[in-house]
Structure formats: structure tokens, C-alpha cells
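The structure under discussion is supplied below as C-alpha cells; questions concerning it will follow.
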Amino acid sequence: MTAHTWSSPVVRARTMWPSQPGALRTRPLPRESAASYLTRLAATYQLSAAQLLDGLHITTTGTFAAPPATDIHLSAEAAHRLSAFTRIPPAHLTRALARQPPPASIGTAHDAIARWQPIPPAVQPLPACTACTIRRSPHQTAPAWIHPAPNSPRIMICTRHQQASSDPRHPAPLDIRPVPELARPRPTGRRATTASLNWASTITTRWYDHQQHLHQRWLTRLDRLTDANPHIPQARPPPL
């Protein structure tokens, strides 16, 4: 009997998965969730994320839900296969994709395995700028979901394309072109802290209590944002 008949299942499994890189390029956005990137990458080939992982012979556990409700943890071997398929070095993928430390059963595994993990609503990623997403996935316009920078408020503003997001319940970022002052650069580079956010809340409350003209200004901005973003619910009831 020939030697290859006795090759181990592990060796056969490693040689079964596609060793050739994918034909289409899809790059991750900075701090993009792994589930978001996998979904966009699969959509480029008109596949689901589950079909893409199966094609790479990555065994998955857990229940998939569309981003931003879940993320995925990859073992080292699974990340290696994703890197080879996307033609993106492992270090670049690790740096781009925001993720929590994987469970011990995943992080120490030698096989190509992955686990879908639900994300609490309070820390779910936010919809990324649509124009930036299209630049990173030229063959498909699937949405992307990214995490805010560490120790920063849960809001993201793309000053180049005038889009902003702060709520994962919105399917797309807000078009803030009707309110250009929101994207103006601030004179200070200090990061917001809990104390500064509390002070901001106090100040805006005093505006509401004592300076109604400022309150009306914010209502006018809210109306402009609502008119420019039909995908969000009406913030104010229509006039009778």
C-alpha cells in the first residue's frame, strides 16, 4: 500500500482548503469587527459568511447573526487561512480588525476553528462611512461596522465624506451635510472623559432650562438631519 494512503487526517485537512489566494481584493477598515469584514468579504464572492468559512475548511460554532449583533473569534490556524485567502499579512489583519481576546478554547486551539459570539448592544460596533467602505470593497457595497477608538466617545464622524454614526440600531451612518458645523475640527485634541461628558450634559441641560434660543437651534439641526436621513425614524411629530 502506498505511503499517501496512510497520511493523517490533519495533513489531509490542511491540504484540502484552498491554497490559492482569492481573486478579488477586499480590505478591512481600521477597527472593523471581524464579523463585519468576513461578511463583506463573502459578499464580494456572492457568498454568505458561513459559506466562505466552510470553503476555507474552518469549523464554526455558535449562532450567527448579522453584524453588529455578533462577532467571531478565530483560532490561529483559522486566521492563517483567512490571511492566505485575502493576501493580507496576519499582522495587518490583527492590527486592522478590532476584537476581544478569544475564549481559551479558541485561542489555544491548533485546528482551524471559529466561534460566533453575541455582542451586548452597549458595545456593538457602529455603521462605517459608506464612501470609505466602498473604497475598501470595490466589488460589493455591503455595509461595514467598526468600533470607536479606545477611550473615546461612542461617536464617529468622517469629516471627508460628512457622515456620522453613534447608534448601532441605525442601518447606515447619518448624512450630516445639512449640518456642516458638526464636522468642524475642534481647537483641542483632548479626548473626552467621563467627567467632561458629565459637564457637557450639565451644560446642555442648562441650555434647555435657561436659554430656549439654543434649544430651538438644536431642534432646527435635528429637523435637518431627519430630512436628510429617511432611514431613521422621525424625531419630532409632524405639524398638524
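The values are calculated or read from the model by the stated rules, or taken from the named source; none is laboratory data. Note that the structure is predicted; figures quoted are calculated from it, not measured. Glycine gets a Cβ as well: all are built from the backbone with ideal geometry, and neighbour counts include every protein chain shown. Each accessible area value is taken on the protein alone, full model and side chains, heavy atoms only, with ligands, DNA and RNA left out. Shrake-Rupley method; radii C 1.70, N 1.55, O 1.52, S 1.80 Å.
Take segment 121-142 and flag every residue that is open to solvent by less than 80 Å² (accessible area, probe 1.4 Å) and assigned to a loop (DSSP other than H, G, I, E, B).
124, 125, 128, 129, 137, 140, 142
Condition first: touching a Phe, Trp or Tyr at 6+ places or on another chain (Cβ under 7 Å) and touching a residue at least 60 places away in the same chain (Cβ under 8 Å). Now tell me which residues in segment 118-157 satisfy that. Spell out the reasoning first.
We begin by selecting, within segment 118-157, every residue touching a Phe, Trp or Tyr at 6+ places or on another chain (Cβ under 7 Å); these are 125-128.
Of everything in segment 118-157, those that are touching a Phe, Trp or Tyr at 6+ places or on another chain (Cβ under 7 Å) and touching a residue at least 60 places away in the same chain (Cβ under 8 Å) turn out to be 125, 128.
Based on what the data block shows, is residue 172 part of a helix (DSSP H, G or I), at pLDDT 85 or above, hydrophobic (A, V, I, L, M, F, W, C) and within 25 Å of residue 42 (Cβ to Cβ)?
On the way: part of a helix (DSSP H, G or I): no; at pLDDT 85 or above: yes; hydrophobic (A, V, I, L, M, F, W, C): yes; within 25 Å of residue 42 (Cβ to Cβ): yes.
So residue 172 fails the test.
Of the residues 227, 209, only one is of a type in the set (Asp, Glu), modelled with pLDDT of 70 or more and assigned to a helix (DSSP H, G or I); which?
Details: 209 fails: modelled with pLDDT of 70 or more.
Checking each option against the conditions leaves just 227.
Which residues, counting only those in segment 47-75, are more than 10 Å from residue 113 (Cβ to Cβ), open to solvent by 70 Å² or more (accessible area, probe 1.4 Å) and touching a residue at least 24 places away in the same chain (Cβ under 8 Å)?
Result: 57, 63, 64.
Does residue 98 satisfy the criteria of being open to solvent by 40 Å² or more (accessible area, probe 1.4 Å), of a type in the set (A, V, I, L, M, F, W, C) and at pLDDT below 90?
Numbers: open to solvent by 40 Å² or more (accessible area, probe 1.4 Å): no; of a type in the set (A, V, I, L, M, F, W, C): yes; at pLDDT below 90: yes.
Criteria not met by residue 98.
Being closer than 26 Å to residue 128 by Cα, part of a loop (DSSP other than H, G, I, E, B) and either charged (D, E, K, R) or modelled with pLDDT of 75 or more (or both) is the requirement here; does residue 187 meet it?
Working: closer than 26 Å to residue 128 by Cα: yes; part of a loop (DSSP other than H, G, I, E, B): yes; either charged (D, E, K, R) or modelled with pLDDT of 75 or more (or both): no.
In short, no.
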